[in-house]
Amino acid sequence: MTTPRTGTLEVPGARLHYEVRGSGPVLVLIHGGAGDAGVFHEIADPLAEHFTVVAPDRRGHSRSPLDPPSGTPRVADHSDDVVRLLGELTDGPALVYGSSSGAVVALDLLARHPDRVRRVLAHEPPVIGLLPDAAAYRRLFADVRVTHRRQGAEVAMRQFLVGVGLAEAGWEMPPLSELPPPLRELMTRTAANEPFFLEHELTEVTEYEPDTGALLKAADRLLVGVGRDAARQMPGRTGAALAARLGLPVAELPGGHTGYVEDAEAFAARLTELLADGPLTA
């Protein structure tokens, strides 16, 4: 694993940490809730053989603190941050991969700043308003927030993951002491992000309504991805629902909601196939 070049960028209300690897067309990787740039370490190196890979910690996560350290960033704040970061790194439009909450950010980026985007792959954006059982998920997320306040982040995250189908009942995170040092460092950071996700990001992101009109205008640059193993999980269902709403095919990705960790080699190869120059196909 190569050591990335790192930088910081002052933006209104935050200071962004970002990592850069490789050369070639710029590809921005946008992480999901409670994550940071480190979740992409396993796919960053193979992608860097084809692209200049840029991975920021989104504002409020890990090494990108809010200033002042309070409040709930809007989805538009995150997509505007990507535009500001691109302004520091390239004059042209960029390729963008967004995972989960990061996929919502990528959709907003394409809708509001289409001139900065060459191609977007939105991987399972949790736009629950497109689901017939959206109200049940909104009740779940309200209950998760109450659980967080009463019992803490660990219990609330377990409730959330089981509720959306990303974990089995009784699932437990392995002790940090059993993990290799790089993964232990990453998991320590992401665990520290969980309160922010539960109190601020979960509701903000899942209440987001994509601008389907704007996305239809840019549909020739949009892919909606769903993991091969994620069709019955809530994020997989929302991804499929968005593709159907826009009349787009679903781009199948290896693994489930976090395929970039589950099968990094295959996932990086699939991203390269989907995002490289050429006709946009699923």
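The values are calculated or read from the model by the stated rules, or taken from the named source; none is laboratory data. It should be emphasised that the depicted structure is a prediction, and the values quoted were computed from it without experimental measurement. Please note: Cβ atoms are built from the backbone with ideal geometry, for glycine as well, and neighbour counts cover all protein chains shown.
Per-residue answers, yes or no, for (1) touching a Phe, Trp or Tyr at 6+ places or on another chain (Cβ under 8 Å); (2) in contact (Cβ under 8 Å) with a residue 24 or more places away in the chain; (3) not charged (D, E, K, R):
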| residue | (1), (2), (3) |
| --- | --- |
| GLY98 | no, yes, yes |
| GLY102 | no, yes, yes |
| HIS123 | yes, yes, yes |
| LEU131 | yes, yes, yes |
| TYR137 | no, yes, yes |
| LEU140 | yes, yes, yes |
| VAL144 | yes, yes, yes |
| ALA167 | no, no, yes |
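Out of the residues in the stretch 186-226 that are outside any helix (DSSP H, G or I) and hydrophobic (A, V, I, L, M, F, W, C), which is farthest from VAL250 (Cα to Cα)? In this case the residue turns out to be ALA218.
Restricting VAL226, VAL261 to residues that are aliphatic (A, V, I, L, M) and under 29 Å from PRO69 (Cβ atoms) narrows the list to VAL261.
Remark: pairs (first residue in the stretch 204-233, without any contact (Cβ under 8 Å) to a residue 60 or more places away in the chain; second residue part of a loop (DSSP other than H, G, I, E, B) and crowded, with 16+ Cβ neighbours inside 10 Å; Cβ separation under 8 Å; 6+ apart in sequence or on different chains) = ALA219/LEU248; ARG228/PRO254; ARG228/GLY255; ARG228/GLY256; ASP229/GLY255; ASP229/GLY256. Counting the residues of the stretch 1-16 that are surrounded by fewer than 20 Cβ atoms within 10 Å (Cβ to Cβ), in contact with a Pro (Cβ under 9 Å, 6 or more places away or on another chain) and assigned to a strand (DSSP E or B) gives 2.
For GLU209, indicate whether it is surrounded by fewer than 16 Cβ atoms within 10 Å (Cβ to Cβ) and out of contact with any strand residue (DSSP E or B) (no Cβ under 9 Å at 6 or more places or on another chain).
yes
If the condition is being touching a Leu at 6+ places or on another chain (Cβ under 6 Å), hydrophobic (A, V, I, L, M, F, W, C) and more than 12 Å from TYR18 (Cα to Cα), then the stretch 41-70 contributes only PHE51. Of the residues in the stretch 228-239, none is assigned to a helix (DSSP H, G or I), of a type in the set (Ser, Thr, Tyr), surrounded by fewer than 17 Cβ atoms within 10 Å (Cβ to Cβ) and out of contact with any Ser or Thr (no Cβ under 7 Å at 6 or more places or on another chain). Across the stretch 261-280, what is the total count of residues that are within 19 Å of ARG119 (Cα to Cα) and either surrounded by fewer than 19 Cβ atoms within 10 Å (Cβ to Cβ) or touching a residue at least 24 places away in the same chain (Cβ under 8 Å) (or both)? Here the count works out to 13. Which numbered condition trips up SER100, out of (1) polar (S, T, N, Q); (2) surrounded by fewer than 15 Cβ atoms within 10 Å (Cβ to Cβ); (3) closer than 27 Å to LEU202 by Cβ? Status for SER100: all satisfied but (2).
Has the stretch 246-258 got any residue that is farther than 23 Å from ASP133 by Cβ, in contact with a Lys or Arg (Cβ under 9 Å, 6 or more places away or on another chain), part of a loop (DSSP other than H, G, I, E, B) and not aromatic (Phe, Trp, Tyr)? Yes, there is a match, as at least one residue in the stretch 246-258 is farther than 23 Å from ASP133 by Cβ, in contact with a Lys or Arg (Cβ under 9 Å, 6 or more places away or on another chain), part of a loop (DSSP other than H, G, I, E, B) and not aromatic (Phe, Trp, Tyr).
With the condition kept exactly as written, say whether any residue in the stretch 217-226 is surrounded by fewer than 21 Cβ atoms within 10 Å (Cβ to Cβ), at pLDDT below 95, in contact with a Leu (Cβ under 8 Å, 6 or more places away or on another chain) and more than 20 Å from ASP36 (Cβ to Cβ). No, the stretch 217-226 contains no residue that is surrounded by fewer than 21 Cβ atoms within 10 Å (Cβ to Cβ), at pLDDT below 95, in contact with a Leu (Cβ under 8 Å, 6 or more places away or on another chain) and more than 20 Å from ASP36 (Cβ to Cβ).
Of everything in the stretch 44-82 that's among the aliphatic types (A, V, I, L, M) and over 23 Å from VAL205 (Cβ atoms), which residue is surrounded by the most Cβ atoms within 10 Å (Cβ to Cβ)? Looking at residues that are among the aliphatic types (A, V, I, L, M) and over 23 Å from VAL205 (Cβ atoms), I get VAL53. The listed residues are LEU95, LEU121, LEU85, and the only one of them that is buried (at least 22 other Cβ atoms within 10 Å of the Cβ) and within 19 Å of VAL20 (Cβ to Cβ) turns out to be LEU95.
The set of residues in the stretch 141-190 being modelled with pLDDT of 95 or more and small (Gly, Ala, Ser) consists of ALA142, GLY152, ALA153, ALA156, GLY163, GLY165.
Restricting attention to the stretch 17-43 and to residues that are among the aliphatic types (A, V, I, L, M) and within 27 Å of LEU198 (Cβ to Cβ), the residue that is surrounded by the most Cβ atoms within 10 Å (Cβ to Cβ) turns out to be ILE30.
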